[in-house]
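All remarks here apply to the structure that follows.
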Amino acid sequence: MSRLDSFIRRMTSQKILLEYLVSKVNETEGPVLELGLGNGRTYDHLREIYPNKEIYAFDFVMECHPSCAPDADHMISGDIRDTLAFCEPRIGSKAAFAHVDIGSADPTFDLSIAHWLAPLLDKCMTVGGYILTALPLDLPNYAEEEKPEGIHPGRYHIYRKISEA
Ligand SMILES: C[S@@+](CC[C@H](N)C(=O)[O-])C[C@H]1O[C@@H](n2cnc3c(N)ncnc32)[C@H](O)[C@@H]1O
């Protein structure tokens, strides 16, 4: 498969999965976390599909398209490894949904990200909340949920928090 086809498949899966989770996430109180604002494409989509939720975007710096820049209250700048543990006063409550979009193209670096990210993210999530991630995360107090049809097995993971750790 060409890299173009692979990119299209990944973006299509991401959109299907984000939309698949909306009704489930809306059953739970709490904000949405976008880990990896990047260009702002998925943040902009989250704003469309979650008109009634607060959405907080995380990245080293804000470098997104100007049309989808979060306001100062909703942009948390810095290394997520540093900021995630301290975001609760800003976001006000534990999150109902986290979209993790910070993977790299390097499997070793991805393992390292998954290792520090899982416990930090768990502390930000409310019971009943969902995580959508391309990185497999070791989250013993979560159930891995079924994905909609057509999503390549192993490409994305949906975790739902069952209990506090
Ligand atoms: C694939 S891009 C995100 C794409 C974005 N969701 C979109 O749809 O445009 C990954 C982003 O994650 C950010 N990122 C990766 N690791 C990070 C970390 N440890 N702390 C903060 N930001 C990080 C990168 O700077 C990059 O902007």
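FYI, it's all coordinate maths here, none of it is from the lab. In this text the structure is predicted, and so the values were computed from the model without any measurement. With ideal geometry, Cβ positions are generated from the backbone for all residues, glycine too; neighbour counts draw on all protein chains shown.
Comparing Cα centroids, region 108-165 and region 1-78 end up 16 angstrom apart. Looking at region 59-165, the trypsin sites (Lys or Arg not before Pro) that sit in a DSSP loop and have at most 15 other Cβ atoms within 10 Å of their own Cβ are R155.
For the chain, the relative contact order is 21 percent, taking Cα pairs closer than 8 Å that sit 6 or more residues apart in sequence and dividing their mean separation by the residue count. With the simple spin-label model, which puts each label point 7 Å out from Cα in the Cβ direction, the D138 to D73 separation comes to 3.9 nm. Only lysine pairs 8 or more places apart or on separate chains count here, and in region 1-150 those with Cα atoms under 22 Å apart total 10.
Using bins of 5 Å that start at zero, the share of Cα-Cα pairs per bin across the chain amounts to 1, 9, 19, 23, 24, 16, 7, 2, 0, in whole %.
When DSSP beta bridges are restricted to pairs lying wholly in the chain, around 30% turn out antiparallel.
Modelled label positions at I49 and K24, each set 7 Å beyond Cα in the direction of Cβ, lie 1.1 nm from each other.
Its Cα centre serving as origin, region 3-161 has a Cβ charge dipole (Lys and Arg +1, Asp and Glu -1) of approximately 240 debye. The chymotrypsin sites (Phe, Trp or Tyr not before Pro) of region 49-127 meeting both criteria, a DSSP state outside H, G, I, E and B (loop) and at most 16 other C-beta atoms within 10 angstrom of the site's C-beta, are F60.
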